[in-house]
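Here the structure comes first, spelled out in structure tokens, and everything after it is commentary.
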């Protein structure tokens, strides 16, 4: 039976990764791509493309666009490819029930890194030393010797993160930053950064995770990934799964320091590494079809070892 799947934000890396994963899932799928940019490349990867209306996302017009799209196209399931879309659909769970969404409380918790960091010790995991304020002397007293990282409390990837080396840096960036921020000690190094994909079952358990040691692009997405085994990270993900009961694709970002796992953020959704995971046997789109559409436990994925790089490629249409 043909399955009709809507993928949002197909002009960006996560939406395109979901599409690539669906094409590898071995199921007959019809992919409807949605994006705000009608000229984006994502339309060429879909079977059908619909541009979002130029409407406020809190308006009745925008909600009507989605309810009509789902109804008139016989949509079986919607896979959000953008955090902003996740938040919209999370608010509209009752109106648009056919969306693959994680646990509502986890979605809310993941929005604020400061709140999340404060909760970690209560579940038995270490948190990165953090200071919230603009006093350089107090910053050093709380965190030790610089440099430090100034991070927006909301957002994902590396957007808005800057290094602070002295009081002038703090004064400058605290003036320039228009959103709430926190300052953290730098833990580990670039070679100690990991992204972990886990598929939650909603009952405090999850399928075995896939772990990448990674390096980041300038945009904050995974540029290079290597499948690795790390029992310490597996145990940390198990603790988080039991505490927060995720549902579906859930991405954890860690840094390791002297065998201690420090959680950077949780992305309770498809992430920019989804297509890389699918290439190594961990197909979150296929698992999501099983869980959200067929209401069954997905098969345990068979992950193969390897390495992956991302690079640019031209798309020419004449």
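In deg cm²/dmol and to the nearest 500, what is the mean residue ellipticity at 222 nm of the chain if only DSSP H runs of at least 4 residues count, each as -39500 (n - 2.57), divided by the residue total?
Taking each H run of at least 4 residues, the total per residue is -8000 deg cm²/dmol.
Hey, how many Å between the Cα centroid of the range 23-42 and the Cα centroid of the range 212-258?
26
I want to make sure I understand the PRE zone here: with the label point 7 angstrom from the Cα of residue 205 toward its beta carbon, which residues in the range 275-318 have backbone N atoms less than 15 Å away?
Zone members listed by number: 296-301.
If you average over every viewing direction, what projected area does the convex hull of the Cα atoms of the range 129-185 give, in nm²?
3.4
Quick one: helix 60-72 against the long Cα principal axis of the chain, what's the angle to the nearest 10°, folded into 0 to 90?
Value to nearest ten degrees: 50.
In degrees between 0 and 90, to the nearest 10, how far off the longest principal axis of the chain does helix 13-23 point, with axes built from Cα atoms?
40
Taking the chain as a Gaussian network, Cα atoms linked when under 10 Å apart, which of 277, 269, 36 shows the biggest mean-square fluctuation?
36
GNM, the chain, Cα, under 10 Å: largest mean-square fluctuation among 70, 137, 303?
Taking springs between Cα atoms under 10 Å, the residue moving most is 137.
Can you give me the pair-distance distribution of the range 94-247, C-alpha pairs, 5 Å bins, whole percents?
With a bin width of 5 Å, the distribution comes to 2, 8, 14, 17, 19, 17, 11, 7, 3, 1, 0.
At q = 0.10, 0.11, 0.19, 0.21 Å⁻¹, what is the log10 ratio I(q)/I(0) for the range 3-100, with the Debye formula run over Cα points and no solvent?
Log10 of I(q)/I(0), two decimals: -0.23, -0.28, -0.87, -1.08.
Sorted from fewest to most neighbouring beta carbons within 10 Å, what does the list 69, 207, 276 look like?
69, 207, 276
Springs between alpha-carbon pairs under 10 angstrom, Gaussian network model over the chain: which of 83, 57, 257 fluctuates most?
Highest fluctuation among the options: 57.
What whole-number distance in Å separates the alpha-carbon centres of the range 118-183 and the range 50-81?
Distance between centres, Cα-based: 38 Å.
Can you tell me the orientation of helix 167-176 relative to the chain, as the angle in degrees between its alpha-carbon axis and the longest Cα principal axis, to the nearest 10?
For 167-176 against the chain, the angle is about 30 degrees.
log10 I(q)/I(0), Debye, Cα-only the range 209-318, no solvent, q = 0.14, 0.23 Å⁻¹?
Reported log10 I(q)/I(0), two decimals: -0.63, -1.52.
Where a number appears in this text, it was derived from the coordinates with a stated rule and is not lab data. Fair warning: this is a prediction, and the values are worked out from it, not measured in the lab. FYI the Cβ positions are ideal-geometry reconstructions off the backbone, even for glycines, and counts take in every protein chain you see.
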